[in-house]
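Sharing a structure below in structure tokens format, with a few things to ask.
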Amino acid sequence: MRIFQLLTLLLFFSDVQAEDGYRLWLRYDRISDKKLLATYLQKTASISITGHSTVIQVARKELEIGLKGLVGVKPKFSTQSASANLQIEKVSRLIPAADLLQLGEEGFLIRTPHYSGNPIVITANSDRGLLYGVFHFLRLLQTQQSIAQLNIVSAPKMKLRLLNHWDNLDRTVERGYAGFSIWNWHTLPDYIDQRYIDYARATASIGINGTVLTNVNANATVLTLPYLQKVKALADNFRPYGIKVYLTARFSAPKEIGGLKTADPLDSQVQDWWKKKLNEIYTLIPDFGGLLVKANSEGQPGPQDYKRSHADGANMLAEAIAPHKGIVIWRAFVYSAELPDDRHKQAFTEFVPLDGTFRSNVLVQVKNGAIDFMPREPFHPLFGAMPKTPLMMEFQVTQEYLGQGTHLVYLAPLFKECLDSDTYAKGKGTTVAKIVDGTADQHELNGLAGVANIGNDINWTGHPFGQANWYALGRLAWDHQLSAETIAEEWIRQSFSNDAALVKELSQLMLSSRESMVNYMNPIGLHHIMATGHHYGPGPWVGNLNRPEWNPTYYHRADSVGIGFNRTATGSNALSQYHPQAAAVWKDPVNCPEEYFLWFHHVSWNHKMKSGKTLWEELCYRYNAGVDSVAMMRKNWNKLEKKIDEQRFDQVKQLLALQHREAKWWRDACLLYFQTFSRQPIPAQYEQPAHTLDYYKSLRFPYAPGN
Ligand code: GCV
């Protein structure tokens, strides 16, 4: 072989081996611990798997890929369970019927019964349950758990576990920071990109069972036949992974693509149009999940255009989809430019009177907080206030206000903080999680969704650590009792390595990252102070936008006296929308946890904080602490050079440097601006701003992504 060919070959192989992040948490690298490897080899030496469905085929294939990588042997499959070491079977006779009962439709059980020669049994009531069991089994191996005596019973706590893609038909992604949309509408339905399959594998591996393909700022074109055929192609490929497809419905579609003069939900022609449209969809995609609707929000059309209510709109669609057993997910993210009331209160005011009027196949999807996916936000007052309506959780996985594609911010602590918050709706302990999973009000229909951070970047999420947020969303939708720590550890072990010291270091880095971001962006309860439009970087000075509640000045209310939004009875009284016991936590400025202080109170610059510092000094301290913690993240990351592959090490190193620079930008721009009100110096012990306030105000980012 010529030297040139040899070099090319070497290059090719080094490329193939490179950790570009494409494999996500399904890397399946060889088990390095020799003893464990021997056990895993023995326990998987022969595998029986029964059933022939496409779901079972997928499970087999995943075992093949997984075991080939992890233990280096292509598994031998048979349908004869008696002698197999690993027995994968629906409704296994080795498991008591009562145990199967707790698994429901999608749960699984992995057990080593104390007889029958100690095989491992994976069983479930459905093929989908078996697939989840197989993914879990592979996760045990990847995270190097003992499989000597297994007894795992796992069933999802939420029925609907969805990704919401804000992907447009032209492949741009609203608030997307990882390239363009992974859906190549132009080449669909004929061309099925391997990425679609790998997306389905990863998504199913964490228990997600539905995907809304399109942006909530919807385009009616997706409901036309040529596009529905493309949607069908995706649905056909996702079905074997237990993933249903959903679409966003533009409320004015009957006018835009149906030729009608109105989209009034009480008009019989409009009702017929939707019925026919849904018949058409279900003819192509018999298991189509349903419709997600953003209506009368931020300029989107809706039933209020015809003086009808949100319930009128949702119920009209719900009736049309009901014969197909589909559902309607109606978003509660509404606020109006005409209403002078605090934006915080508007969704509650609009939706609570509608409780009990929605059809049984409607869920109302509520963002975790009442403003908009802020770095820290109290839980939305709607949770616990609409007991007759299933409320679905909407988290943001894409990092619109949370560092976009350049900051390492692990979001599980944010998700958990909200899910674990006490609404007191049915007495102490009625957490948001219990409202959302349906247990508080016995809603069989329940769910949790996350706005996807996925794009066509080679590593799917732009920032390599963005993958952890996709992972965390799925794991928490499956089991909201998992801790942020457990999820981080699982993800690190699968995505990087099982080296204990590395796992510890990376966990610390991830677990502290959300609090760092809060400090350098929005400390002490500040919120919505980002720049206009693209929302990239700070813009607390913005006060000239048409709609008052789009202006940062509306939210921070800084003046010569102090800063913060008074939402107590002497202010907007948004607190009155919470259960009195929940409100009591924030109501009194003396006891209000400081992380929510400026969210609920307008506080004097000289107010003494718990630390003994004045509010102004505390603000300076927090902004600097945020920057310092990013400096620490950089330092700690650099220590890991020898333990992390070169490609991802270098990528994250560069991104952390960028994050450090951006954290300083946030700090300096915000402190300089707030200083114009406090009229106090930034204490000398802190690094002083590198530029003037005018400089920060002059910065422009016309092509910032995601806008
Ligand atoms: C899809 C925020 C975002 C918008 C987004 C909207 C929503 O306002 O900035 O891009 O639109 O939330 O959730 O509907």
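Given H placed 1.01 Å from N in the peptide plane, which residues other than close sequence neighbours of GLY562 have an amide H under 5 Å from its amide H?
TRP605
Separate question: By a straight-distance test (C-alpha under 18 Å), which aspartates and glutamates pair with LYS697 as possible cross-link partners, with residues fewer than eight away in the same chain excluded?
Excluding near neighbours in sequence, the set is GLU662, ASP668.
Let me ask you something else. Where does the charge balance sit around GLY210 when Lys and Arg score +1, Asp and Glu -1, over other residues with C-beta under 13 Å from its C-beta?
The answer is +3.
By a straight-distance test (C-alpha under 16 Å), which aspartates and glutamates pair with LYS610 as possible cross-link partners, with residues fewer than eight away in the same chain excluded?
Here the aspartates and glutamates satisfying the reach criterion relative to LYS610 are ASP588, GLU594, GLU595, GLU618.
Where Lys and Arg each count +1 and Asp and Glu each count -1, what net charge lies around ALA569 among other residues with Cβ under 15 Å from its Cβ?
Summing Lys and Arg as +1 and Asp and Glu as -1 gives 0.
Just the accessible area per residue of the stretch 601-703, please: how many Å² with a 1.4 Å probe?
It amounts to 54 Å² per residue over the stretch 601-703.
Could I ask something else about it? Tally Lys/Arg at +1 and Asp/Glu at -1 over every other residue whose Cβ is under 10 Å from the Cβ of MET393; what's the total?
Neighbourhood net charge equals -1.
Give me the percent of the accessible area of the stretch 373-475 that comes from carbon and sulfur atoms, probe 1.4 Å, all protein chains in place.
It is 51 percent, rounded to a whole number.
What is the spin-label model distance, in nm, from ALA631 to ASN573 if the labels are put 7 Å beyond Cα along the C-beta direction?
It is 4.8 nm.
Next up: Going by a ≥ b ≥ c, the root eigenvalues of the Cα gyration tensor, does the stretch 154-272 fall in the rounded group (a/c under 1.5), the prolate group (a/b larger than b/c) or the oblate group?
Judged from the Cα gyration tensor, the stretch 154-272 comes out prolate (a/c at least 1.5, a/b above b/c).
Also, quick follow-up: Please compute the length gained on full extension between SER32 and LYS639, using 0.36 nm multiplied by the number of residues separating them and subtracting their Cα-Cα distance.
Extra length from SER32 to LYS639 when fully extended: 216.3 nm.
Accessible area per residue for the stretch 162-214 in Å², computed with a 1.4 Å probe and the full protein assembly in place, what is it?
That works out to 29 Å² per residue.
Okay, next question. State which entries of LYS35/LYS76; LYS426/LYS587; LYS255/LYS276; LYS428/LYS613; LYS428/LYS587 exceed 23 angstrom in Cα-Cα distance in the structure shown.
From LYS35/LYS76; LYS426/LYS587; LYS255/LYS276; LYS428/LYS613; LYS428/LYS587, over 23 Å: LYS428/LYS613.
Using only the Cα atoms of the chain, build the gyration tensor, take square roots of its eigenvalues as a ≥ b ≥ c, and label the shape rounded, prolate or oblate: rounded if a/c is under 1.5, else prolate if a/b is larger than b/c, else oblate.
oblate
Which entries of LYS43/LYS643; LYS244/LYS653; LYS61/LYS244 have Cα-Cα distances beyond 26 Å here?
From the list (LYS43/LYS643; LYS244/LYS653; LYS61/LYS244), the Cα-Cα distance tops 26 Å for LYS43/LYS643; LYS244/LYS653.
Pulled fully out, how much extra length does the chain show between GLN42 and SER512, if you take 0.36 nm times their separation in residues and subtract their Cα-Cα distance?
165.2 nm
How much FRET efficiency would the formula 1/(1 + (r/R0)^6) give for LEU284 and LYS307, where r is the Cβ-Cβ distance and R0 is 35 Å, rounded to 0.05?
The formula returns an efficiency of 0.55 here.
What nm value, rounded to one decimal, do you get for the distance between ARG661 and LYS426 when each label is placed 7 Å out toward the C-beta?
The two pseudo-label positions are separated by 5.2 nm.
Can you tell me which aspartates and glutamates have their Cα less than 13 Å from the Cα of LYS664? Leave out same-chain residues fewer than eight positions away.
Partners found: ASP628, GLU687.
What does the charge dipole of the chain about its Cα centre add up to, to the nearest 20 debye, if the Cβ of each Lys and Arg holds +1 and the Cβ of each Asp and Glu holds -1?
Its charge dipole is roughly 1100 debye.
Let me ask another. Please calculate how many Å² of accessible area the stretch 337-484 carries per residue, with a 1.4 Å probe and no DNA, RNA or ligand atoms counted.
25
For the chain, what's the relative contact order in percent, using C-alpha pairs closer than 8 Å and at least 6 residues apart?
12
What is the calculated FRET efficiency for THR357 to THR187, with r their C-beta to C-beta distance and R₀ = 41 Å, to the nearest 0.05?
About 0.40, to the nearest 0.05.
Moving to a separate point now. Taking amide H positions as placed in the peptide plane 1.01 Å from N, state which residues far from PHE395 in sequence (5 or more) or on other chains have amide H under 5 Å from it.
It is ALA449, GLY450, VAL451, by chain and number.
Which far-off residues, 5 or more places away or on another chain, put their amide H under 5 Å from the one on LEU160, with H placed in the peptide plane?
ASN446, GLY447, LEU448
Going by Cα centres, the stretch 584-643 and the stretch 355-391 are how many Å apart?
29
Also, I was wondering about something else. Round to a whole number: what % of the accessible area of the stretch 615-677 belongs to carbon and sulfur, probe 1.4 Å?
Accessible surface attributable to carbon and sulfur in the stretch 615-677 totals 49 percent.
Defining a contact as two alpha carbons under 8 Å apart and six or more residues distant in sequence, what relative contact order in percent does the stretch 625-693 show?
In percent, rounded to a whole number, it is 32.
Expressed as a whole percentage, what fraction of the accessible surface of the stretch 79-156 belongs to carbon and sulfur atoms when a 1.4 Å probe is rolled over the protein heavy atoms?
50
Still on this structure, please answer the following. Just grab the label-to-label distance for GLN688 and THR143, each label 7 Å out from Cα along the Cβ direction, in nm (one decimal).
In this crude spin-label approximation the distance works out to 5.0 nm.
For ASP272 and VAL153, compute 0.36 nm times the residue count separating them, minus their Cα-Cα distance, and round to one decimal in nm.
Length difference between fully extended and current span is 38.3 nm.
Still on this model: With contacts defined as alpha carbon pairs under 8 Å and 6 or more residues apart, what's the relative contact order of the stretch 223-274 in percent?
22
The values are calculated or read from the model by the stated rules, or taken from the named source; none is laboratory data. Just so it is clear, the structure is predicted and the values come from calculations on it, not from any experiment. Note: ideal-geometry Cβ built from the backbone for every residue, glycine included; neighbour counts use all protein chains shown. These area figures cover heavy atoms from the full protein model, side chains too; ligands, DNA and RNA do not enter into them. Shrake-Rupley method; radii C 1.70, N 1.55, O 1.52, S 1.80 Å.
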